[in-house]
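Here's the structure we're looking at; comments come further down.
The values are calculated or read from the model by the stated rules, or taken from the named source; none is laboratory data. Bear in mind the structure is a predicted one, so any value in this text is a computation, not a measurement. Quick reminder, even Gly has a Cβ in these numbers, built from the backbone with ideal geometry, and neighbours come from all protein chains shown.
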Amino acid sequence: MIQLIRGFKDILPAEVALWQHIERTAVALFAAFGFDEIRVPIMEKTELFARGIGEDTDIVEKEMYTLEDRGGERLTLRPEATASIVRAYIQHKLYADDPLRKLYTIGPMFRRERPQKGRYRQFYQIDVEAFGMAGPYIDAQMIHMLHLFFQRLGVSRSLAHLNSLGCPVCRPRFREALSGLLAQVEEKLCADCRRRQARNPLRVLDCKVPTCREAVADAPAIVDYLCDDCRQHFNSVTESLARLGVPFELNKRLVRGLDYYTRTTFEIQTDLLGAQSAVAGGGRYDGLVETLGGPATPAIGFAVGFDRLVEILGQRLKVEAPKPALFIAALGEKARREAFYWCAALAAAGIYVEMEHGDKSLKAQMKRADRLGAARVLIVGEAELASGKANLRDMATKAQSEIALDGVAEKLEQTLKP
Ligand SMILES: [Zn+2]
Ligand SMILES: [Zn+2]
């Protein structure tokens with residue numbers, strides 16, 4: 001039998017209720033904050049990600065699913081959504097009517113990472129982006145919205161880690177100070193860090209290798225190097241978060257290696273899966289729209305790791321799949337035929353009804369009704385059809401009531417309407 005690809009997974013019906021619950025929670029909340037959904041393709045020209053994510057990132061260097069199609073074009077399954085949304089923003093001139101656009105998308109992303117527990121090569125993200133707002137309030141709003149999102153899902157122990165990456169005015173001073181320190185500890189750094197240190201010293205700060213972490217433990221904090229504008233921006237963000245009641249702490253290790261990332265950068269961490277780990281991350285990227293060929297446009301975004309969220313919530317939150325309002329236990333071919341049309345009428349009226357399609361005993365049908373969690377059972381056989389009356393049983397109370405079969409679908413619709 002043909003198995004699915006290693007690192008990929010099926011989301012089975014039993015799990016889907018939780019996925020839908022998370023999606024509904026996100027959609028309702030984002031709408032209240034004025035975000036519109038956008039759907040972008042899962043495949044783009046490789047060049048978009050090389051430029052949009054950066055040539056010397058792990059994603060672009062090692063993890064992309066890239067292929068050459070029959071026309072010889074190099075295409076890549078999207079490893080994240082931001083580059084595609086920025087492309088769409090530029091390509092469709094979404095800035096023309098109003099440069100302020102707040103967008104989100106939910107869907108699969110692809111990275112060829114080493115398969116390990118809880119990590120998939122097709123994984124899902126909730127991705128949110130806001131364009132055209134340079135001021136600090138949109139930063140605070142997005143972190144606040146993320147906080148509310150996790151609260152509504154019952155992830156109460158979440159904490160926002162915050163840092164500022166400065167701007168082209170103040171970051172070079174920090175880079176210089178950091179490079180000075182790195183030159184002193186160079187022999188303690190891993191091979192990746194040594195290679196990247198000259199071009200991209202900031203990335204050494206978020207290297208996960210323990211010796212690297214130790215080597216940069218006393219590294220300067222970028223927030224001590226911010227220019228006045230960046231400092232004011234960052235202070236406004238933290239003040240707003242405090243007033244909104246969003247728990248946060250400063251984290252000087254939180255950095256991004258690419259030049260177009262600016263100012264506020266953040267992660268939402270939780271300890272619900274044991275060790276502290278990030279379930280969402282994002283930040284300001286004021287330079288990206290221009291880098292990808294659009295007009296200079298400030299922007300900020302974040303992505304939530306959907307699979308990790310499911311993993312956390314799966315242990316804590318029981319989301320029930322819908323249960324039938326009615327099960328029709330039909331005995332004999334004639335009763336089954338009638339039941340089929342009653343089911344059709346009730347489903348058309350928006351009521352979930354199940355019936356047995358095979359020739360099963362009443363006992364077997366009652367068992368199935370019970371397993372499905374049906375609220376009521378209507379029992380119809382030859383005798384009921386002859387007398388024109390049948391019993392409607394409430395499965396919780398076991399109470400039975402008689403119902404006339406003439407116009408029964410309409411009557412049931414009245415009784416069962418939620
Ligand atoms: Zn600055
Ligand atoms: Zn390292």
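Counting just the residues of segment 232-250 that are in a helix (DSSP H, G or I) and not hydrophobic (A, V, I, L, M, F, W, C), which one comes out farthest from ligand 2 (Cβ to nearest atom)? Full working, then the answer.
Within segment 232-250, the subset in a helix (DSSP H, G or I) is 232-244.
Still in the list and also not hydrophobic (A, V, I, L, M, F, W, C): 232-233, 235-236, 238-240, 243.
Values: GLN232: 33, HIS233: 30, ASN235: 31, SER236: 33, THR238: 29, GLU239: 34, SER240: 34, ARG243: 38 Å.
Out of the qualifying residues, it is ARG243.
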message: Suppose the filter is under 15 Å from the mean Cα position of the chain (by Cα) and free of Cβ contacts under 8 Å to residues at least 24 places away in the same chain; does ALA28 pass it?
response: yes
query: ALA17 is checked against (1) part of a helix (DSSP H, G or I); (2) among the small types (Gly, Ala, Ser); (3) at pLDDT below 95; (4) within 19 Å of GLY293 (Cα to Cα) and fails just one. What number does that condition carry?
result: (4)
message: Give me the residue from segment 207-249 that is at pLDDT below 95 and either of a type in the set (Phe, Trp, Tyr) or within 26 Å of the chain's Cα centre (by Cα) (or both) and, out of that set, nearest to THR297 (Cα to Cα).
response: CYS207
task: Kindly list, by first and then second residue, each pair from a residue in segment 105-129 that is assigned to a strand (DSSP E or B) to a residue that is loosely packed, with under 15 Cβ neighbours inside 10 Å and of a type in the set (A, V, I, L, M, F, W, C), limited to pairs with Cβ atoms under 6 Å and residues at least 6 apart or on different chains.
output: GLN122/PHE8
task: Scan CYS190, CYS170 and give me the residue that is within 16 Å of ligand 2 (Cβ to nearest atom), under 26 Å from ALA219 (Cα atoms) and either outside the structural domain of GLY34 (by TED's automatic domain parsing) or touching a Cys at 6+ places or on another chain (Cβ under 9 Å) (or both).
output: CYS190
query: How do the pairs read when you match residues in segment 226-247 that are over 17 Å from GLY283 (Cα atoms) and of a type outside the set (Lys, Arg) with residues anywhere that are within 14 Å of ligand 1 (Cβ to nearest atom) and part of a helix (DSSP H, G or I), using Cβ under 8 Å and keeping only pairs 6 or more apart or on different chains?
result: none
task: Provide a single number: the residues in segment 276-332 that are part of a loop (DSSP other than H, G, I, E, B) and either in contact with a strand residue (DSSP E or B) (Cβ under 6 Å, 6 or more places away or on another chain) or of a type in the set (Phe, Trp, Tyr) (or both).
output: 5
task: Return yes when ILE85 is under 18 Å from the mean Cα position of the chain (by Cα) and farther than 17 Å from ALA278 by Cβ and no when it is not.
output: yes
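Tell me yes or no: at least one residue of segment 142-159 is hydroxyl-bearing (Ser, Thr, Tyr), closer than 13 Å to ALA303 by Cα, touching a helix residue (DSSP H, G or I) at 6+ places or on another chain (Cβ under 8 Å) and not in a helix (DSSP H, G or I).
For segment 142-159, residues hydroxyl-bearing (Ser, Thr, Tyr), closer than 13 Å to ALA303 by Cα, touching a helix residue (DSSP H, G or I) at 6+ places or on another chain (Cβ under 8 Å) and not in a helix (DSSP H, G or I): absent.
Can you name the residue in segment 108-132 that is among the polar types (S, T, N, Q) and surrounded by fewer than 20 Cβ atoms within 10 Å (Cβ to Cβ) and, of all such residues, is nearest to TYR285 (Cα to Cα)? If you could, list the steps in order and put the result at the bottom.
Within segment 108-132, the first condition is being among the polar types (S, T, N, Q), and the residues that meet it are 116, 122, 125.
Filter again for surrounded by fewer than 20 Cβ atoms within 10 Å (Cβ to Cβ), leaving 116, 122.
Numbers: GLN116: 30, GLN122: 25 Å.
Checked segment 108-132; the qualifying residue nearest to TYR285 (Cα to Cα) is GLN122.
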query: Can you find a residue in segment 165-188 that is touching a Gly at 6+ places or on another chain (Cβ under 9 Å), touching a residue at least 40 places away in the same chain (Cβ under 8 Å) and closer than 19 Å to PHE302 by Cα?
result: yes
query: Which pairs do you get when a residue that is within 30 Å of PRO136 (Cβ to Cβ), found in segment 296-315, comes within reach of a residue that is modelled with pLDDT under 90, reach meaning Cβ atoms under 7 angstrom, with the pair 6+ apart or on two chains?
result: THR297/PRO99; ARG308/GLY118; ILE312/VAL155; ILE312/THR270; ILE312/LEU272; ILE312/LEU273
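Among helices (runs of 4 or more DSSP H) lying entirely in segment 166-231, which contain 2 or more residues that are more than 16 Å from ligand 1 (Cβ to nearest atom) and under 18 Å from ASP56 (Cα atoms)? Spell out the reasoning first.
Values: elements: 171-184, 191-196, 202-205, 210-215.
Passing ranges, in order: 191-196, 202-205.
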Single match in PHE8, PHE30, PHE49, PHE35 (criterion: aromatic (Phe, Trp, Tyr) and outside the structural domain of PHE302 (by TED's automatic domain parsing)): PHE8
